[in-house]
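Peer 1: Below: one structure in structure tokens.
The values are calculated or read from the model by the stated rules, or taken from the named source; none is laboratory data. Fair warning: this is a prediction, and the values are worked out from it, not measured in the lab. Please note: Cβ atoms are built from the backbone with ideal geometry, for glycine as well, and neighbour counts cover all protein chains shown. Heads up: the accessible areas ignore ligands, DNA and RNA and are worked out on the full protein's heavy atoms, side chains in. Shrake-Rupley method; radii C 1.70, N 1.55, O 1.52, S 1.80 Å.
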Amino acid sequence: MSSEERLTALEERLAHQDRTIEEMNAVVAQQWREIDRLKRQLQLIDDQMAAVEQMARTGKIEPPPPHY
């Protein structure tokens, strides 16, 4: 294999690796966005549960409407 062929093969491998890294970076970025969304959703649920627990402790839970 000549030096030029070896260089061409290395350049092809590098191009392939660059593309793979870019694809992986896009996946990681999307996963972080999803993790952030899920963290916000979990925090909202935690806040709602804390509010319900506080109402239960203080006895301020509203009774169901009369039509129930």
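Peer 1: If the viscosity is 1.002 mPa s and the temperature 20 °C, what Stokes-Einstein diffusion coefficient in µm²/s follows for the chain when Rh is the Kirkwood radius over Cα pairs?
Peer 2: My calculation gives 123 µm²/s for D.
Peer 1: Something else about it: Provide the per-residue ³J(HN,Hα) series for segment 13-24, in order, calculated from phi with Karplus coefficients 6.51, -1.76, 1.60 and θ = phi - 60°, each as a whole number of Hz, with x at glycine and proline positions.
Peer 2: 4, 4, 4, 5, 5, 4, 4, 4, 5, 4, 5, 5
Peer 1: For the chain, set up a GNM with springs between Cα atoms under 10 Å and report which of Glu23, Glu34, Glu11 has the largest fluctuation.
Peer 2: Glu11
Peer 1: To the nearest 10 square angstrom, what accessible area does Ile21 show with a 1.4 Å probe?
Peer 2: 110 Å²
Peer 1: Got a sec to turn the phi values of segment 37-45 into Karplus ³J(HN,Hα) couplings, 6.51 cos²θ - 1.76 cosθ + 1.60 with θ = phi - 60°, whole Hz, x for Gly and Pro?
Peer 2: Per residue, the Karplus-derived 3J(HN,Hα) values read 4, 5, 5, 5, 5, 5, 5, 4, 5 Hz.
Peer 1: Oh, and also: Under a point-charge model restricted to the Cβ atoms of Lys and Arg (+1) and Asp and Glu (-1), what is the dipole moment magnitude of the chain relative to its Cα centre, in debye to the nearest 20?
Peer 2: With Lys and Arg at +1 and Asp and Glu at -1, about 520 debye.
Peer 1: Roughly how many Å² of Thr8 are accessible to a 1.4 Å probe, to the nearest 10?
Peer 2: Roll a 1.4 Å probe over it and Thr8 shows about 60 Å².
Peer 1: Could you point to the residue in Leu38, Ala15, Val52 farthest towards the positive end of the chain's charge dipole, with +1 and -1 charges on the Cβ of Lys/Arg and Asp/Glu respectively?
Peer 2: Val52
Peer 1: Give me the percent of accessible area attributable to carbon and sulfur for the chain, probe 1.4 angstrom.
Peer 2: Carbon and sulfur atoms account for 59 percent of the accessible area of the chain.
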